[in-house]
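First comes the structure, then the notes that go with it.
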Amino acid sequence: MNLGTTLRAGMIFLLLVFLHYTLRPLLGWRAPMDFLLLALLLSAIRVRPAIGALIGLALGLVSDSLTPDALGAGAIAMTVVGYLASWLKAVFFADNIALNALFFFLGKWLFDVIYFVVENRIGGIELVQQLLLWSPLSAAATALAGILLILVMRPLLEPARA
Amino acid sequence: MARAVRAGNSRIDLIVLGAAALLALVARGLPPNLRDPVASSMRTTFLAPLVMLQERAEASRRSLLLDDTRTAIRDSVSLRAMTVASLEDENDRLRQLIGLGSRLRWGFIPAEAIHGRGVRDVTTMTLTSGSNSGARRLSPVISPEGVVGMVITVDPTMSEAMIWTHPDFRVSAMSGDGSAFGIVQAHLASATTGYLMELRGIPFRSSLKPGTLIVSSGLGGVWPRGIPVGTVLEEVKTSEGWARTYLLRPAVSPADVGAVMILRTDRVTKGFENVWTSVAAAEAAAQRIIVAGDSAARDAALAEAAARRAALDTTRRGVAPGTVVPGGLPPELLPDTLLVPEGEVLPQDTGVAAAARREAARRAAARRDSLRRDSAEQRAPRPSPTRGN
């Protein structure tokens, strides 16, 4: 990955972090789109799994800082998702919109599953409802936002060859 | 070789993954008293801009959600604010009408005045009470301020009144003290003078000062005695040499007429002299107090200026301050003629007399100050003369 690609990826990364802290609270949806996870996924497919895991750890700690009771849960979830996204990039990040959408959807859903299980704040039927209803909805919204981002910024988002 | 490198890389990746997961688990396993400082340190340092952005975004969202509600509230408040002035005016007028009603006690029919086409050219108005309520032709129509007009046509539920601006309107009137009698009619001489009245037929020997209250005399048979008609503005020079004509400021401006009272015939015969007396007397007393306060303040100011001049002269002549002089006043306040030449001894005033003079001076100063305050307060709320637009 050359310098230009790195800079473009960095810009996209910062833009997504910015959107996470502006557009997401502005919309205030019950099943919100997760721009931090999109930033993680789009970064992870450009780096090695170890780096993806470290980026996930950093982003997770950042997101957890606003919910001190869940500190570490988001970090664990994002570490795993970052590692897996980097490891599976050759499979998923083909030039196929549907596959990319599935990639984002599964990434967000996996993140939610790990997060809510590790957080251990809700349980029983509420956890089931969260994981089978709200998390898929949120994952779908995230996937939609990711696809829109790819379509709009396709030239900037050329993934590195595996 | 390549497979070995890939295997090595995979091993490194797994080690890093394990380390990252371990760190995350450690963070998750931190006791609550350590979690908060860690999270707080991140929020207040490198995450501070993002936290600020999120706060702003959430505030914006709340504003957006409340925008419709706020707009509706603002519109309601604006609408109410637009009606407040008219409601206040109406409230004042109704209070006055209630006050008049309590003074009249009986024999009146309350009615709303419905204005016609415009304000400037109005000479008649429709009233919302008719013969069913007791209104009759030529019944006087009054407001809390005084004469409005008289009923000319009556329907069962409505009636039409000729107001005093009508060219045919006449009312027999007199000065408040009964020294001069005449006929009041609308002043039609000039369009630029607005709604004014004329008091005609005042005997040449009777002279009325500006501000004199003119009331109905009760001589015409329609109007009872004592209802305010207007106040004298100035004398009008006419060709009639045998009588004086005065320009009056009307007691009632046609544009301000809203709620009125139609007087019943039986009430008219009883007279109204005590209904408006207290109001007119209070206005006259207030006027006298203002004039007296002004003149007293002027006298006091002149005396004070004279005392200052005397004090300055005394200082120039070298009299030591605090020297005991006749009259008990300090030498700074004495006129030059009272200064004692050096070496000459005058009989000393007694201490009691001196104390009495000082007390009198103090009271005079206090009275002067209170008169100034009173006249200032009396001047402030006085309404400007209504000239019917």
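The values are calculated or read from the model by the stated rules, or taken from the named source; none is laboratory data. Since we're looking at a predicted model, the values are computed, not measured. Cβ placement follows ideal geometry from the backbone for every residue including glycine, while neighbour counts extend to all protein chains displayed. Each accessible area value is taken on the protein alone, full model and side chains, heavy atoms only, with ligands, DNA and RNA left out. Shrake-Rupley method; radii C 1.70, N 1.55, O 1.52, S 1.80 Å.
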Specify which of the listed residues (B:292, B:310) is at pLDDT 80 or above and over 28 Å from residue B:149 (Cα atoms). B:310
Check on residue A:117, open to solvent by less than 40 Å² (accessible area, probe 1.4 Å) and either within 13 Å of chain B (Cβ to nearest Cβ) or farther than 21 Å from residue A:145 by Cβ (or both): no
In the range A:37-86, what residues are under 17 Å from residue A:102 (Cα atoms) and of a type in the set (A, V, I, L, M)? A:37, A:38, A:39, A:40, A:41, A:42, A:44, A:45, A:81, A:84, A:85
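Test of understanding: among B:10, B:40, which residue is facing chain A (nearest Cβ under 9 Å), open to solvent by 50 Å² or more (accessible area, probe 1.4 Å) and of a type in the set (Gly, Ala, Ser)?
Being facing chain A (nearest Cβ under 9 Å), open to solvent by 50 Å² or more (accessible area, probe 1.4 Å) and of a type in the set (Gly, Ala, Ser) holds for just one of B:10, B:40, which is B:10.
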Is it true that some residue in the range B:56-79 is more than 7 Å from chain A (Cβ to nearest Cβ) and closer than 30 Å to residue B:144 by Cβ? yes
If residue B:164 satisfies every condition in (1) open to solvent by 10 Å² or more (accessible area, probe 1.4 Å); (2) at negative phi but one, which is the exception? (1)
Answer residue from the range B:236-269, given it is under 32 Å from the mean Cα position of the chain (by Cα) and under 16 Å from residue B:173 (Cα atoms) and is surrounded by the most Cβ atoms within 10 Å (Cβ to Cβ) among those: B:250
Check every one of the helices (runs of 4 or more DSSP H) wholly within the range A:17-92 and list those with 1 or more residues that are touching a Pro at 6+ places or on another chain (Cβ under 9 Å) and open to solvent by less than 20 Å² (accessible area, probe 1.4 Å). A:35-44, A:73-87
First in the range B:71-97 and under 21 Å from residue B:258 (Cβ atoms) and open to solvent by 60 Å² or more (accessible area, probe 1.4 Å), second anywhere and modelled with pLDDT of 80 or more and of a type in the set (S, T, N, Q), Cβ under 9 Å, 6 or more apart: B:96/B:143
Please enumerate the residues belonging to the range A:120-142 that are open to solvent by 40 Å² or more (accessible area, probe 1.4 Å) and closer than 21 Å to residue A:42 by Cβ. A:140
Is it the case that some residue within the range A:64-84 is under 21 Å from residue B:13 (Cβ atoms), in contact (Cβ under 8 Å) with a residue 40 or more places away in the chain and within 7 Å of another protein chain (Cβ to nearest Cβ)? yes
Output the number of the condition that residue B:159 fails; it satisfies all remaining conditions of (1) polar (S, T, N, Q); (2) touching a Gly at 6+ places or on another chain (Cβ under 9 Å); (3) over 11 Å from residue B:262 (Cβ atoms). (3)
